[in-house]
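The values are calculated or read from the model by the stated rules, or taken from the named source; none is laboratory data. Please read all numbers here as calculations on a predicted model, not as lab measurements. Glycine gets a Cβ as well: all are built from the backbone with ideal geometry, and neighbour counts include every protein chain shown.
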Amino acid sequence: MATGWAGDGAVQEQIDATVEDAVKRARSRLQKGPSLERCEECDAPIPKARQAAVPGVRLCVACQEAHDRDEAAFSGYNRRGSKDSQLR
């Protein structure tokens, strides 16, 4: 049942587009090229198992965890939060 000017599948189309954009963004962040043997941040050796498991790996586990923590801290606003909490 459509309300206003929106078509019947408008909400689902918006959800699908949001998911598709997120997948594209995640794929664009994947490493490309050969894995490094040493971490580009701290020069620690990267184990062969990690190189095989993560193609194009550039960081050791410790540096990758720190990078992920830093990235999560600046991930944008909380879409699940209430409108009032986003305005503060």
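Results, tabulated for the structure shown:
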item: Considering residues of the stretch 19-32 that are of a type outside the set (D, E, K, R) and either over 14 Å from Leu59 (Cβ atoms) or surrounded by 10 or more Cβ atoms within 10 Å (Cβ to Cβ) (or both) only, the residue nearest to the chain's Cα centre (by Cα); result: Ala26
item: Selection within the stretch 38-52 - surrounded by 11 or more Cβ atoms within 10 Å (Cβ to Cβ) and not hydrophobic (A, V, I, L, M, F, W, C); result: Arg38, Glu40, Glu41, Pro45, Pro47, Arg50, Gln51
item: Odd one out for Glu71, checked against (1) assigned to a loop (DSSP other than H, G, I, E, B); (2) at pLDDT below 90; result: (1)
item: Tabulated pairs, the stretch 47-62, first within 12 Å of Glu37 (Cβ to Cβ), second of a type in the set (D, E, K, R) and in a helix (DSSP H, G or I), C-beta under 8 angstrom, 6+ apart or interchain; result: Val57/Arg50; Cys60/Arg50
item: Members of the stretch 17-34 found to be within 24 Å of Ala72 (Cα to Cα) and either charged (D, E, K, R) or not in a helix (DSSP H, G or I) (or both), listed by number; result: Glu20, Asp21, Lys24, Arg25, Arg27, Arg29, Leu30, Gln31, Lys32
item: Residue count for the stretch 42-68, restricted to those that are out of contact with any Leu (no Cβ under 8 Å at 6 or more places or on another chain), in a loop (DSSP other than H, G, I, E, B) and modelled with pLDDT of 90 or more; result: 6
